[in-house]
Amino acid sequence: MIALAQLPPDHFKLALKTAEAQLARNHELRMEQERSRVREAAAARSHALLAWGLGAGFVVVIGMITAAVVVGLRGHVWLSASLSGPGVAVLASLFVLRRFDARTANNARPARSGALTNDQALDGV
């Protein structure tokens with residue numbers, strides 16, 4: 001093998017340009033691999049958060065509906081209506097979609113008051 005010191009200057013410059021280009025390609029490959037690893041980690045974290053949100057939403061909704069049935073059977077109609085009303089849908093959307101929509105919450109208020117007045121009418125019969 002010929003030592004670098006024995007190469008003519010033109011060959012030495014060409015060897016340096018080739019080595020520099022190869023180092024740049026290797027660096028770009030490592031950077032892309034790192035970006036890909038970060039994207040995969042973010043996707044895995046997002047999936048885990050979504051799965052936990054679905055589970056938590058399911059537990060909260062089932063708990064509220066169960067509590068509404070139990071409380072309703074004991075004669076507390078207002079509390080039962082409050083637990084089983086549109087608030088269940090709002091909480092489920094909060095956990096599952098991971099966002100709070102003010103329009104949905106505002107739309108739930110008239111439905112809740114309507115459910116409470118209907119329960120009062122049933123008590124009078």
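The values are calculated or read from the model by the stated rules, or taken from the named source; none is laboratory data. Since the model is a prediction, treat every value here as computed from it, not as a measurement. When we count neighbours, we look across all protein chains shown, and the Cβ atoms used for this are built from the backbone with ideal geometry, even at glycine. The area values use the complete protein model at the heavy-atom level, side chains included, leaving out ligands, DNA and RNA. Shrake-Rupley method; radii C 1.70, N 1.55, O 1.52, S 1.80 Å.
Can you tell which of ALA15, THR66, ALA56 lies farthest toward the positive end of the dipole of region 1-84, using +1 and -1 charges on the Cβ of basic and acidic side chains (Lys, Arg; Asp, Glu)?
About the Cα centre, the residue reaching furthest to the positive side is THR66.
Could you tell me the accessible area of LEU97 in Å² (1.4 Å probe, neighbours in place), rounded to the nearest ten?
In the full protein context, LEU97 sits at about 100 Å².
Karplus couplings for region 80-85 from phi (6.51 cos²θ - 1.76 cosθ + 1.60, θ = phi - 60°), rounded to Hz, Gly and Pro as x?
Coupling constants for region 80-85: 5, 5, 5, 6, 9, x Hz.
Which Rg and Dmax, in Å, describe the Cα atoms of region 1-70?
Reported Rg and Dmax, both Å: 29.0, 93.
Expressed as a whole percentage, what fraction of the accessible surface of region 19-91 belongs to carbon and sulfur atoms when a 1.4 Å probe is rolled over the protein heavy atoms?
Ligands and nucleic acids excluded, carbon and sulfur give 70 percent.
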